[in-house]
Structures are given as structure tokens and as C-alpha cells.
Amino acid sequence: MCRERRSATYFMQLDKTKFALAAAGTLGVIYIVCAILVLIAPDFALRLLGWLTHIVNVDKFAGDVTITPLGLLIGLLQVALYTFVVAWLFAFLHNKFVQQVPNPKA
């Protein structure tokens, strides 16, 4: 993870694009698993949504939602795009913040 030299410690830089693609792919898979759960067990998925969002009457807000192939594709693209942007920004900031840290042993 880190390499020491006499005057400074250098931390590993993240490849922004690869990191963002990995994060977007991971959340894309989770999105598909979630959609399958909604198709297989819609009542249970609705109950899980209520627990996650602390809404008692979640069916009032999302009870009539249906999954369509086009909606699934658009949602997947949104999740992948938003995750890619956020993960790329995270990697960019990580690389900026860990460029060089002074070594107290020098």
C-alpha cells in the first residue's frame, strides 16, 4: 500500500477509471439482484424498502410501481452512470489527498 523513502512516504494512487468502472459494475449487479427480488417477492421487497427508509405505509408511496424492461434498463444505466461519476470523483480526491505525506523518521 505504501512505499517509504528517506524524506516521504508515498501512498498508492488509484486508477480513477478502473476504480469507477468496478464500483459502477458492482452497483449494477446489486441493482439487477434488487429488481429480481421485486419481481419474485414484491411484498417482501416493499417491506424491505419500508425498513430501509423508515416509512410505515410504504405501499402508499410505492405500492403501484411495476418493473418494465425499459424501466429496468433506464434504471440500470442511471445507477451505473451516477456510481461511475461519484467513484471517479472519490478516486480523484483520494489521489490528491495522498500524493505525498511527510515521513517523521527522516
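The values are calculated or read from the model by the stated rules, or taken from the named source; none is laboratory data. Just so it is clear, the structure is predicted and the values come from calculations on it, not from any experiment. Quick reminder, even Gly has a Cβ in these numbers, built from the backbone with ideal geometry, and neighbours come from all protein chains shown.
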Residue satisfying all of: in the stretch 1-22; hydroxyl-bearing (Ser, Thr, Tyr) and surrounded by 13 or more Cβ atoms within 10 Å (Cβ to Cβ); modelled with the highest pLDDT among these: Tyr10
Scan the stretch 81-104 and give yes if some residue there is at pLDDT 95 or above, in contact with a Phe, Trp or Tyr (Cβ under 7 Å, 6 or more places away or on another chain) and not in a strand (DSSP E or B), otherwise no. yes
Taking Ala24, is it in contact with a helix residue (DSSP H, G or I) (Cβ under 8 Å, 6 or more places away or on another chain) and more than 17 Å from Ile67 (Cβ to Cβ)? yes
Name the single residue, out of those in the stretch 23-50 being surrounded by 14 or more Cβ atoms within 10 Å (Cβ to Cβ) and small (Gly, Ala, Ser), that is nearest to Phe61 (Cα to Cα). Gly50
Here's a check for you: in the stretch 54-68, which residue that is of a type outside the set (Gly, Ala, Ser) and assigned to a helix (DSSP H, G or I) is farthest from Cys34 (Cα to Cα)? Lys60
